[in-house]
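Worksheet for the structure shown next.
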Amino acid sequence: MSALRRIWGHPALLWACRLLVGLLFIFSSFGKLSNPAEFLGSAEQYQLLPKFALAVWAGGLPGVEMLSGLLLIFSPWWRASALLLSGLFLVFIAALISVIFRGMQIDCSCMDIILSWAGVFGQSPWLMAHAPGLAWHLTALTEGSHLVSWGTVLRDVYFLAPTLLVAFSPERAKAGQA
Amino acid sequence: MLPKRKDLWAALFIFCAGMALGLAVNALSPKGFDFRMAAGLKQAFQPATDWDDDTPSAAAKPGDPPSPKASAGEQP
């Protein structure tokens, strides 16, 4: 138990998770911030919110993603940011599951830039030659990523894990938390 | 370690600041959407009704008095 606690609270693991999740949100907010009208259209497809709430959500969410991603990496409020991002992931997962249960075939519109990079990297001959396992994993992660499916839900769960690890990390004083 | 109460307050503050940032970027961006229109606070521009059109939607209802055109023998 103490070994698990030592690994869980290890500063290197904490930093790796902060970097992974922070960069994920910073890059995924780029596309939304650069074209908010397109993001509004995508969010509208989910048919979950009334007009006013949808406009506030679609307008504000990219800012939340960008700010909390930056604070997760660069600030002493990393635990608060991780808590917020965990909540966002739970909301995304709930929205995706609701879309699946309603039998809708819609574009996920999540992590577009990152997934396109991951797809290009995963199909590069160099990676296929040197790390076929990683290449397969990246390609599988991006295949059919545009439509909402159980794979999309799993991908969010996959990224929720390091976010929760940061939010509930035993590390506090050493990582700069006030 | 469980997050403390101040972490929850900080998360709420970050959320509010992020929403404000996102809405400000949307308002300033050339590709941003019209917030009032999207929120349903403002209607899209609609041209004034043309009272002289002869489309079926403008046709008289059964109980209405005959229009000058109809009384002059014109087909709707």
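Only the coordinates and a few stated rules stand behind these numbers; no lab work does. Quick caveat, the model's predicted, so the values are computed rather than measured. FYI the Cβ positions are ideal-geometry reconstructions off the backbone, even for glycines, and counts take in every protein chain you see.
Here are the numbers for this structure:
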item: Centroid-to-centroid separation of segment B:1-37 and segment A:9-54 [C-alpha atoms, Å]; result: 12
item: A:GLN123/A:LEU19 FRET efficiency (R0 25 Å; Cβ-Cβ; nearest 0.05); result: 0.55
